[in-house]
Amino acid sequence: MTVNDVTTPVGNPYQRIYEPLLDERDYRVAQIDGTLPKELTGTLYRIGPGRHQVGRTLLHSIFDGDGMVSRFVLDGTSVHYRNRYVRTRHFEHGQRSDRIRYRGVGTQISGGPVANIGRLPANVANTNIVNYDGGLLALWELGNPHRIAPDTLDTLGPFDFDGKLGFLGAFSAHPKWDPVTGEMYNFGLDLLPTPRIRTYKVDRAGTLHRLATVPMLDLAWNHDFALTQRYLVFALDPLIPDIPKVALATHSFIDSLQFKKSKGTRFLLVPKAGGKPRIVEHEALLHFHLTNAYDDGNDVVVELVRFDTRWNEVRRLTNAVNPGSPESPQFPESRLMQYRITQGGTVIERELTDRSVEFPQYDWRRSTRRHRYSYLSGKSAGATVYDSIIKLDHRTGTETSCDFTAGSVGEPLFVPRTPDAAEDDGWLLALNHDLAEHRSQLVVLDARDLERGPLATAWLEHHIPWGFHGTFTRRRHSADAD
Ligand SMILES: [Fe+2]
């Protein structure tokens, strides 16, 4: 099927990374350069905003586009591609109308404050997709997950863990798994009546249990967290809502946030086993994503990507998604950092790379324990968008990369060669948007040798709009059965 089309001019070539993919496709990939590893069998899922528009009306924020799931079935010799939009209310409305009916995170309904006052952002299910209970959940951090059928990618509807989520049903987009127990941990932000973080554990049977609920005080927003054997670890940055702007709806939610450097960042440690959460103050940081965390004696060590760019610039970038935008994609300067939080409340900061990076990944089997390797997308010298896959060896300090000419590279996911293979013995799977061809590629790299270049490059017949996150499962859905 084809969703509504809108014709827009294209200026900066990098703007094409946000162009919509309006078709829903299903085909065996015809062009594969190199050789797919025979042992690499399973299914890769990716998600991100597939179109930044309601009907023919353009939206104004990277966070407001309709979630589109891509599925890649790998059988060791071929790749089968399918994409489907999540059938949210926002998506369905955009199929019928050109009028923005639902408020977004960064998009206002036309008609001024009166049209927006008291309205929460629409759930567009565009941020992450995770395996759950034999199926998939498409996640968006201020509302319910949407259940997705893993073979067809059909939307099965919103899911609230049998009514156990908090007031607004928020289940954030970055759950973490304890690889020893198989338990999934996550949090949800309740914005009303005052912001609070609800923390959750989902047991192996899929039942959700509530852990601590922590007031956010004057803070408004947090995107990610990490897990140790003892704690859920949050870094709460001083993004503070301008109350009149929020209350009177004169600005969008994202445009209502201010970065109050003097307030500092608070590391919040929530014990998994219950008990009083701990808060450790630090100088102000700005970040979206954490990597892994672990306990080291009585210390807690956590890794995150710190933006070295001012909040207003990051905010403007998130609004630069359509060709009418005055901004062009110029991704922020950032660093992968390590923070050691001591028992005495001291925070020791260490820079792990001076290269601008994002979408930090690691071998998920190392979750809660010290990991040796981190994998990221990042910028090569002079690049304005992420055009490289980067690997850091924290033991030796070695940094290696695979750079793509005229490319835009997304989050690299690590897949171990076998369930008990050593850390780093496996592959990195990432999407690269080749801007010269305006087509996306699934690239497969040997995680131990990035500089060799891709082992295999599967060329799609089209591009995939710049997206966020994904997951891999060894379960291989039969493409022929679709
Ligand atoms: Fe994220």
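The numbers here are math on the coordinates, done by the rules we state, and not lab data. What you see is a predicted model; the values in this text were computed from it and never measured. All Cβ positions, glycine included, derive from the backbone under ideal geometry; neighbour counts span all protein chains shown.
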(request) Could you compute the FRET efficiency for ALA406 and SER78, with r as their C-beta to C-beta distance and R0 at 30 Å, rounded to 0.05? (result) 0.65
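Could you tell me which of rounded, prolate or oblate describes the range 128-180, using a ≥ b ≥ c as the square roots of the eigenvalues of the alpha-carbon gyration tensor, with rounded for a/c under 1.5 and, failing that, prolate when a/b is larger than b/c and oblate otherwise?
oblate
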(request) Taking all pairs of distinct Cα atoms, average 1/r, flip it, and tell me the Kirkwood hydrodynamic radius of the chain in Å to one decimal place. (result) 22.6 Å
(request) Report the extension gain between ARG101 and GLU283 in nm, rounded to one decimal, defined as 0.36 nm multiplied by the number of residues separating them, less their alpha carbon distance. (result) 61.5 nm
(message) If I model a spin label as a point 7 Å beyond the Cα along the Cα-Cβ vector, how far apart are those points for PHE167 and ARG56 in nm?
(response) 4.2 nm
(message) List the lysines whose Cα sits under 25 Å from the Cα of LYS164, skipping any in the same chain fewer than 8 residues away.
(response) LYS176, LYS201, LYS272, LYS276
(request) Using the Cα centre as the reference, give the magnitude of the dipole from point charges on the C-beta atoms of the range 66-161 (Lys, Arg: +1; Asp, Glu: -1; all else neutral), rounded to the nearest 20 debye. (result) 420 debye
(request) Beta carbons within 10 angstrom, averaged per residue: use that to sort the peptides 214-222, 77-85, 135-143, highest first. (result) 135-143, 77-85, 214-222
(request) May I ask you to list the residues of the range 287-324 whose amide nitrogen lies under 11 Å from a point 7 Å from Cα along the Cα→beta-carbon direction of THR342? (result) 299
(request) May I ask you to derive the FRET efficiency for LEU217 and LEU248 from their Cβ-Cβ distance with R0 = 30 Å, giving the value to the nearest 0.05? (result) 0.85
(request) Provide the packing ranking of 63-69, 418-424, i.e. peptides ordered by the mean count of other C-beta atoms within 10 Å per residue, highest first. (result) 63-69, 418-424
(request) Mind putting a number on the dipole of the chain about its Cα centre? Charges go on the C-beta only, +1 for Lys and Arg and -1 for Asp and Glu, and I need it in Debye to the nearest 20. (result) 1280 debye
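Can you compute the helix-only [θ] at 222 nm over the chain? Use -39500 (n - 2.57) per DSSP H run of at least 4 residues, normalise by all residues, nearest 500 deg cm²/dmol.
-1500 deg cm²/dmol
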(message) If R₀ is 35 angstrom, what is the calculated FRET efficiency for the pair ALA273 and LEU156, using the beta carbon separation as r and rounding to 0.05?
(response) 0.55
